[in-house]
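The values are calculated or read from the model by the stated rules, or taken from the named source; none is laboratory data. As the structure is a computational prediction, the values presented were derived from the model and not from experiment. Note that each Cβ is placed from the backbone with ideal geometry, even for glycine, and that neighbours are counted across all protein chains shown.
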Amino acid sequence: MNIRSSLIRPIVGMIAIFLTVMIASITLAAEPTPVNPDAAILQQRVVKLMGDAAHQNALKTAALDGFSKIFDCSTGKFELTGPVSSYGPLNIDEAGHVTGGLLTERSRVTGCGNTLITNILTGFKSGNNISVFGMPGTTKADPTLARDTVMYVFSAATLKIRDCKQVKIINTEFVEFFGEPNLKAKFQANQGRPWREIWTIDVCGKERVPVPVEYVPDETGTTIVARHL
């Protein structure tokens, strides 16, 4: 199904966030002479980063900014909850700086009668890092897959969205795995097992619409199926 022109505007901001992250991650991969440390050293570096006051402030800022844009609420309370995970391997250079990879840290923001699980993505370059608001909720989709899912979700909910131009994704929820593992699948974060989620959109502040989504990894990528409402 084609996406109607009235849906393009609300999608643009969300896609821009993910494009920023992905461009950063591609740049990071091009860092010269990365060193692959053993697990213990890398863990020490990540733990040190997590305890850094500037990094924690960046996480808080990104989470509160995302929460404010979703719920139009500027009084959110931030709480870092974990877990922490990475997309792809993390590397450090000879100076001990994290230079490659993408780290995600989960937190929770509450305020104005709403609670949001936030996923903050941090990319690294030359010892510096930038943290941005990722897709909220408990989705198991990586940033690229999540970016692609947005279009499927909006298309599936076309009849609910109608002429609304202020559509927001306010939550994602992992539901279950189904089917058998596929060890030949390109997406191996969960041994290539297909899984189900529910993505919830807010339509002009008048209705919250849950959209069932299925992901089926195979040898070429991951098929996304969003059930039309």
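Would you mention how many residues in region 83-112 are surrounded by 21 or more Cβ atoms within 10 Å (Cβ to Cβ), among the β-branched types (Val, Ile, Thr) and at pLDDT below 90?
Adding up the residues that qualify gives 3.
Would it be correct to say that ILE120 is surrounded by 18 or more Cβ atoms within 10 Å (Cβ to Cβ), at negative phi and not basic (Lys, Arg)?
yes
When you go through (1) outside the structural domain of LYS77 (by TED's automatic domain parsing); (2) surrounded by fewer than 17 Cβ atoms within 10 Å (Cβ to Cβ); (3) modelled with pLDDT under 95 one by one for ARG193, which number turns out not to apply?
With (1) outside the structural domain of LYS77 (by TED's automatic domain parsing); (2) surrounded by fewer than 17 Cβ atoms within 10 Å (Cβ to Cβ); (3) modelled with pLDDT under 95 applied to ARG193, the lone miss is (2).
Answer yes or no: is there a residue in region 56-65 that is basic (Lys, Arg) and at pLDDT 90 or above.
Yes: one or more hits.
For (1) over 20 Å from ASN171 (Cα atoms); (2) outside the structural domain of ARG208 (by TED's automatic domain parsing); (3) assigned to a helix (DSSP H, G or I), each residue gets a yes or a no:
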residue: ALA62; (1), (2), (3): no, yes, yes
residue: SER74; (1), (2), (3): no, yes, no
residue: GLY82; (1), (2), (3): no, yes, no
residue: PRO89; (1), (2), (3): yes, yes, no
residue: VAL109; (1), (2), (3): no, yes, no
residue: GLY123; (1), (2), (3): yes, yes, no
residue: ASN129; (1), (2), (3): yes, yes, no
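When you check VAL211 against the structure, is it modelled with pLDDT of 95 or more and within 26 Å of PHE71 (Cβ to Cβ), yes or no?
Yes; evaluated as a whole, the condition is true for this residue.
Out of (1) surrounded by fewer than 17 Cβ atoms within 10 Å (Cβ to Cβ); (2) touching a Gly at 6+ places or on another chain (Cβ under 8 Å); (3) closer than 15 Å to LYS140 by Cβ, the odd one out for LEU183 is which?
Condition (3) is where LEU183 drops out.
Can you work out which of the residues in region 176-216 that are over 24 Å from ILE161 (Cα atoms) and part of a strand (DSSP E or B) is nearest to the chain's Cα centre (by Cα)?
TRP195
For region 154-163, give me each residue that is in contact with a helix residue (DSSP H, G or I) (Cβ under 8 Å, 6 or more places away or on another chain) and part of a loop (DSSP other than H, G, I, E, B).
Residue satisfying the conditions is ASP163 alone.
How many of the residues making up region 217-229 are in a strand (DSSP E or B), in contact (Cβ under 8 Å) with a residue 24 or more places away in the chain and under 14 Å from TYR152 (Cβ atoms)?
Here the count works out to 4.
Which condition from (1) among the basic types (Lys, Arg); (2) in the same structural domain as GLN188 (by TED's automatic domain parsing); (3) buried (at least 16 other Cβ atoms within 10 Å of the Cβ) is the one that ARG162 breaks?
(3)
Any chance region 103-119 includes a residue that's touching a residue at least 60 places away in the same chain (Cβ under 8 Å) and under 15 Å from the mean Cα position of the chain (by Cα)?
So far as region 103-119 goes, no, none of its residues is touching a residue at least 60 places away in the same chain (Cβ under 8 Å) and under 15 Å from the mean Cα position of the chain (by Cα).
Every residue in region 131-153 that is charged (D, E, K, R) and either assigned to a loop (DSSP other than H, G, I, E, B) or out of contact with any helix residue (DSSP H, G or I) (no Cβ under 7 Å at 6 or more places or on another chain) (or both), please.
LYS140, ASP142, ASP148
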